[in-house]
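Taken together, the values in this text are just the output of simple stated rules run on the coordinates, not laboratory data. Just so we're clear, the structure is a prediction, and the values are computed from it rather than from any experiment. Glycine gets a Cβ as well: all are built from the backbone with ideal geometry, and neighbour counts include every protein chain shown.
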Amino acid sequence: MKKVTEQFINKSTLKENYSVVPNNMLNDEGLDADCLAVMVYLLSKPNNWIVKPTNIQNRFKYGRDKTYRVINQLVKRQYIVREEHRVEGQYASFSYYVYDSPFPCLPDTAEPDTAEPDTANKDTTKYLKLLSKESTNGEQPKTAPTNEVSESYKWYKNWLTEYTSYKEAGVIIGKLRKMAHEKGWKSNEDKDKLVLSIFERAANAKPEGDIYAYLLVMFKNITSEIKVAATVDPVRSKWEARAKAYDYGKNKWIFNNCPPPTDPEFKHHCPPQYLSLFGVT
């Protein structure tokens, strides 16, 4: 076969529409393939391009957790500087500054445990209490939401700012939680699960136009699906209720007419299609 060239690596001589990527970055063993892909993508953008995690998520079809894992790794390696903005002492947003080589004089801090690092426990608690007040007419939650729920709300609140103001994004979250309460999702855990599922589906759909109107349609669709599923498949509803009560072994098994999931006999009582609800394979 005739070779086009004697060289194994062939490069074009470009005069426009190209990016310069340092070899030191490409050969940095502390960056995995995902980090390198994101850096090449970011360095291809103009200097005034505003970096948003949702842009990265959409470009590479990453999930929320993977998007922040990559960002956190780049922050740790000092290719990205993350600057936090606060409004009246409360977390508001982050700005991201990208460098083609590690930014000097930054401490090599450990990677945060969560997607967007907590500003402080008291700030997180205040934020969640505010959401609860907005959505339940001042009713205080019996138990504080988990950090995971807090981080999810932060993510989707920032996502909403692509359509509306940061303040209005908080109002929308409060309205959806209030609607969930009025429709029968009484506990904070159930409200959060429903509202976050609405945001997850909406974010994946990448809607255009009036975001609140779109979320109202999504709210109606998802709540209808849940009600239909409970009506059409009462057996599944029964096993889902048992799984929720058991919570993967965190709670005591209380159903005397059936052995617990840890018992080999459990498989003879639970339909095979529902075993995964209990972590049984």
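Around residue 164, under 11 Å between beta carbons, what's the net of Lys plus Arg minus Asp minus Glu among the other residues? Each step should come with its number before you reach the end.
On the way: positive: 157, 167; negative: 162, 168, 210.
My count for the surroundings of residue 164 gives -1.
Counting other Cβ atoms within 10 Å, keep those with at most 16, restrict to DSSP loop, and tell me which chymotrypsin sites (Phe, Trp or Tyr not before Pro) in segment 235-281 are left. Walk me through the numbers before you get to the answer.
Values: sites: 239, 246, 248, 253, 255, 266, 274, 278; in loops: 248, 253, 255.
Sparse-neighbourhood loop chymotrypsin sites (Phe, Trp or Tyr not before Pro): 248, 255.
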### Message
At a 10 Å Cβ-Cβ cut-off, how would you order 235, 20, 38, 171, fewest neighbours first?
### Response
20, 235, 171, 38
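Filter the trypsin sites (Lys or Arg not before Pro) in segment 1-71 to those in DSSP coil with at most 10 other Cβ atoms within 10 Å of their Cβ, and list the result. Can you show the working numbers first?
On the way: sites: 2, 3, 11, 15, 59, 61, 64, 66, 69; in loops: 2, 3, 11, 15, 61.
Counting only loop positions with at most 10 other Cβ atoms within 10 Å, the trypsin sites (Lys or Arg not before Pro) in segment 1-71 are 2, 3, 11, 15, 61.
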### Query
Over segment 186-281, with a single point scatterer placed on each C-alpha, what log10 of the ratio I(q)/I(0) does the Debye formula yield at q = 0.25 1/Å?
-1.27
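Hey, any idea what Rg/Rh is for segment 234-278, computing Rh the Kirkwood way over Cα pairs? List each step's numbers first, then the result.
Numbers: Rg = 9.5 Å, Rh = 10.5 Å.
So for segment 234-278, dividing Rg by the Kirkwood Rh gives 0.90.
Taking neighbour counts of Cβ atoms within 10 Å as a proxy for exposure, in what order, fewest first, do 201, 77 appear?
Values: 201 13, 77 19.
With the sparsest Cβ surroundings first, the list reads 201, 77.
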### Distance in nm between pseudo-label sites at residue 6 and residue 166 (7 Å out along the Cβ direction from Cα)
6.0
